[in-house]
Amino acid sequence: MTFLFSLEQQYLRWFKADFKCCLFLSASLFIYPGYGQPVSVQTHYRNGMVVCATPQAAQVGLDILKKGGNAVDAAVAVQFALAVTLPEAGNIGGGGFMAYRSAKGENSTLDFREKAPAKASMNMYLDASGNVVPNMSLATHQASGVPGSVDGMVEAHKKYGKLKWADLIQPAIDLAHNGFKVSRRLAASLTRAGDQFKKLNPGKSYLIKDGGWKEGDLLIQGDLAKTLGLIRDKGRDGFYSGIVAEQLAEEMNNGSGLITKTDLQNYHSIWRKPIIGNYKGYRIITMPPPSSGGIALMQLLHSVEKYPLARWGFNCDSAVQLIVEAERRVYADRSKYMGDPDFYKVPVDSLLRPAYTASRMANFNWNAATPSTSIQPGSFAGYESDQTTHYSIVDREGNAVAITTTLNDSFGSKIFVKGAGFLLNNEMDDFSAKPGVPNMYGLLGGTANSIQPGKRMLSAMTPTIIEKSGKLFMIVGTPGGSTIITSVFQTILNVIEFGQDMQQAVTSKRFHHQWLPDDVQIEKDAFDPKTRSILQQKGYKIADHGPSGRVDAILKTKDGYEGGADPRGDDTKMGW
Ligand code: DON
């Protein structure tokens with residue numbers, strides 16, 4: 001089945017690579033027995049669609065849609081299925097953000113980001129000399145924020161869900177209890193992490209296999225199935241109190257961690273007012289702080305709006321130059337002005353004022369790269385990792401959900417809660433441990449994003465929904481740490497400016513600039529040799545990087561919903 005599935009992905013790649021092939025394939029429906037149900041290479045669907053990081057979770061989401069569940073029901077089921085089938089990033093021990101737009105046009109965003117425990121403090125990662133202790137915010141029990149995912153799903157379901165909660169969790173329990181066959185990618189990723197799992201988890205054997213994992217091996221997660229069973233039966237209380245809370249507190253005690261049962265009881269996700277902006281008549285609904293994603297995305301769009309990108313063309317030197325210069329300036333602002341709005345007054349309106357963005361672009365020079373040293377955050381009155389995950393869902397009525405969720409690093413802190421079988425996040429690294437010291441993504445921060453008890457760490461996650469003429473147009477988002485914002489930005493431009501279809505827009509090579517370090521990080525062959533040389537002559541430092549992000553998106557077209565599943569991962573689109 002895995003083979004057949006990868007065959008479908010391969011067909012899709014050929015499909016995009018060769019127009020003649022495209023005509024041939026779209027004229028003939030290629031059907032084979034896929035995961036449980038016949039799957040075809042049909043590209044457009046009328047009744048709904050799920051695009052997410054694993055085929056198993058996509059199937060779970062599609063089944064829920066077919067049973068009459070709405071997009072939020074499917075999202076809840078996908079979230080828990082990803083916690084089983086994508087242990088690197090799918091989670092119950094992490095957090096995330098949701099953007100929602102109902103078929104009637106109502107919109108909302110849900111913040112289920114982790115919070116610093118009550119015992120956290122500003123200098124908790126500094127040694128006696130005031131230096132950041134390496135890895136302390138990444139691979140220790142103190143690296144974890146209080147998890148938000150379970151509460152987030154409970155709240156989303158309470159407000160919008162239609163099907164019974166238990167029926168949404170059961171597919172994940174079945175996957176954990178009965179096991180599923182690991183893909184080549186997951187086998188390699190689990191094997192790579194094996195030594196760390198052993199080192200950080202004495203007396204536990206989760207996700208470890210002697211001799212390493214192979215594609216097709218069955219992964220059974222019995223303790224995780226039990227924990228999910230409690231969540232199925234007791235909802236929020238199945239995680240934030242009772243046995244699981246005891247197990248988590250015990251795990252913290254054994255490892256000098258900070259999260260207490262009181263922290264768990266006090267955790268609540270928050271409905272926030274979305275950032276809503278306009279780009280050439282498209283209405284962008286996106287995530288507000290404590291994610292920097294929405295504001296930064298709008299600033300980027302404002303920065304490039306007046307230029308003829310469509311005429312210049314995809315990844316040509318002028319387009320790249322403009323995009324890079326916009327990204328440089330926006331990330332400088334991010335370092336100073338963005339943090340948890342419950343603790344720090346983020347100057348949202350000022351940052352979003354088009355005149356402000358225009359003033360930031362005023363010293364952009366076509367002849368030479370602006371050195372980042374000459375750019376500071378404005379004034380007014382990685383590194384790549386693929387281990388967060390994003391999913392986009394639309395249902396039969398047209399309700400749309402975009403969720404990005406994470407443990408931060410791949411497998412989070414790599415520390416499991418003993419007995420409960422789930423991984424803890426290392427989201428505390430997203431705080432600024434010390435001004436001027438970059439986090440794992442090379443991002444800088446200061447007071448706005450300093451550690452305080454109960455505060456949420458700044459994020460780059462950018463789940464986004466776009467309307468055109470008052471109707472749903474696109475659902476988009478991605479993992480990728482600091483590159484999230486620029487990947488979402490470029491995917492949107494690929495469709496709106498460069499005329500790419502959804503799959504092509506997701507597949508297209510991406511590049512990234514984040515102010516500091518002052519280099520343009522590019523995916524292999526993102527620029528042709530001529531473009532590369534023109535940019536280098538103008539002073540742009542180009543750094544070759546691995547794959548950037550895993551964008552999963554849906555576009556509404558006249559022929560139905562078209563998905564874009566990122567070929568950089570096991571990402572899968574399924575519709576009906
Ligand atoms: O919230 C954030 O911005 C980061 N914790 C996201 C991490 C991430 O995307 C990792 N994987 N690619």
Looking at (1) assigned to a loop (DSSP other than H, G, I, E, B); (2) open to solvent by 10 Å² or more (accessible area, probe 1.4 Å); (3) more than 14 Å from the ligand (Cβ to nearest atom), which is the only condition Thr373 fails? (1)
Suppose we filter the stretch 496-518 for residues that are surrounded by 20 or more Cβ atoms within 10 Å (Cβ to Cβ) and touching a strand residue (DSSP E or B) at 6+ places or on another chain (Cβ under 7 Å); how many remain? 9
Between a first residue in the stretch 268-291 that is on the phi > 0 side of the Ramachandran plot and among the hydroxyl-bearing types (Ser, Thr, Tyr) and a second residue that is away from the ligand (no atom under 16 Å from the Cβ) and in a strand (DSSP E or B), which pairs have beta carbons less than 6 Å apart while being 6 or more apart in sequence or on different chains? none
Wholly enclosed strands (runs of 3 or more DSSP E) of the stretch 227-316 bearing at least 2 residues of a type in the set (Val, Ile, Thr): 275-279, 282-286
Every listed condition ((1) over 30 Å from Met574 (Cβ atoms); (2) within 12 Å of the ligand (Cβ to nearest atom)) holds for Thr389 save (1)
Filter the stretch 527-567 for residues that are of a type in the set (Val, Ile, Thr), within 24 Å of Gly481 (Cβ to Cβ) and either within 16 Å of the ligand (Cβ to nearest atom) or touching an Asp or Glu at 6+ places or on another chain (Cβ under 6 Å) (or both) and give the result. Val551
If you go through Ser533, Ser548, the only one that is outside any loop (DSSP other than H, G, I, E, B) and more than 19 Å from Thr370 (Cβ to Cβ) is Ser533
For the stretch 485-495, enumerate the residues that are aliphatic (A, V, I, L, M) and either away from the ligand (no atom under 12 Å from the Cβ) or surrounded by fewer than 24 Cβ atoms within 10 Å (Cβ to Cβ) (or both). Ile492, Leu493, Val495
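Quick test for you: out of Leu297, Leu309, pick the one residue that is closer than 18 Å to Asn494 by Cβ, crowded, with 17+ Cβ neighbours inside 10 Å and in contact with an Asp or Glu (Cβ under 7 Å, 6 or more places away or on another chain).
Details: Leu297 fails: in contact with an Asp or Glu (Cβ under 7 Å, 6 or more places away or on another chain).
The unique qualifying residue is Leu309.
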Which pairs do you get when a residue that is more than 10 Å from Lys524 (Cβ to Cβ) and open to solvent by 40 Å² or more (accessible area, probe 1.4 Å), found in the stretch 540-551, comes within reach of a residue that is at pLDDT 95 or above and more than 13 Å from the ligand (Cβ to nearest atom), reach meaning Cβ atoms under 7 angstrom, with the pair 6+ apart or on two chains? Lys541/Asp518; Lys541/Asp519; Lys541/Val520
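Give the residues of the stretch 155-165 that are under 11 Å from Ala77 (Cβ atoms) and either of a type in the set (A, V, I, L, M, F, W, C) or in contact with a Cys (Cβ under 6 Å, 6 or more places away or on another chain) (or both), sorted by residue number.
Leu163, Trp165
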Of the conditions (1) surrounded by fewer than 21 Cβ atoms within 10 Å (Cβ to Cβ); (2) within 16 Å of the ligand (Cβ to nearest atom), the single one that Asn278 does not satisfy is (2)
Count, please, the residues in the stretch 392-431 that happen to be out of contact with any Leu (no Cβ under 7 Å at 6 or more places or on another chain), open to solvent by 10 Å² or more (accessible area, probe 1.4 Å) and within 16 Å of the ligand (Cβ to nearest atom). 1
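Would you be able to say whether some residue in the stretch 333-343 is of a type outside the set (Val, Ile, Thr), more than 24 Å from Glu427 (Cα to Cα) and outside any helix (DSSP H, G or I)?
No: the stretch 333-343 contains no residue that is of a type outside the set (Val, Ile, Thr), more than 24 Å from Glu427 (Cα to Cα) and outside any helix (DSSP H, G or I).
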Inter-residue pairs, beta-carbon under 7 Å, first closer than 16 Å to Glu251 by Cβ and in the stretch 185-205, second open to solvent by less than 10 Å² (accessible area, probe 1.4 Å) and not in a helix (DSSP H, G or I), 6+ apart: Leu200/Ile415; Asn201/Ile415; Asn201/Phe416; Lys204/Phe416
Determine, yes or no, whether Ala505 is of a type in the set (Gly, Ala, Ser) and away from the ligand (no atom under 16 Å from the Cβ). yes
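What about Glu327, is it out of contact with any strand residue (DSSP E or B) (no Cβ under 8 Å at 6 or more places or on another chain) and modelled with pLDDT of 95 or more?
no
In this structure, does Gln514 turn out to be polar (S, T, N, Q) and part of a strand (DSSP E or B)?
Taking the combined requirement at face value, the residue does not satisfy it.
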When restricted to Ser482, Ser450, Ser469, the only residue within 12 Å of the ligand (Cβ to nearest atom) and of a type in the set (S, T, N, Q) is Ser482
Residue check, Leu444 against (1) more than 13 Å from the ligand (Cβ to nearest atom); (2) out of contact with any helix residue (DSSP H, G or I) (no Cβ under 6 Å at 6 or more places or on another chain); (3) open to solvent by 10 Å² or more (accessible area, probe 1.4 Å), all met but one. Which one? (2)
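Against the definition (of a type outside the set (D, E, K, R), within 21 Å of the chain's Cα centre (by Cα), within 21 Å of Thr483 (Cα to Cα) and in a helix (DSSP H, G or I)), how does Leu322 come out, yes or no?
Here the answer is no, as Leu322 does not meet what is asked.
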For the stretch 58-105, give me each residue that is out of contact with any helix residue (DSSP H, G or I) (no Cβ under 8 Å at 6 or more places or on another chain) and assigned to a helix (DSSP H, G or I). Gln59, Lys66
How many residues does the stretch 177-189 hold that are touching a strand residue (DSSP E or B) at 6+ places or on another chain (Cβ under 9 Å) and either within 17 Å of Arg232 (Cα to Cα) or open to solvent by 60 Å² or more (accessible area, probe 1.4 Å) (or both)? 2
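The values are calculated or read from the model by the stated rules, or taken from the named source; none is laboratory data. A quick note: this is a predicted structure, and the numbers were derived from the prediction, not measured. Note that we place each Cβ from the backbone using ideal geometry, even for glycine, and neighbour counts take in every protein chain shown. Note: accessible area is taken over every heavy atom of the protein model, side chains too, but ligands, DNA and RNA are not part of it. Shrake-Rupley method; radii C 1.70, N 1.55, O 1.52, S 1.80 Å.
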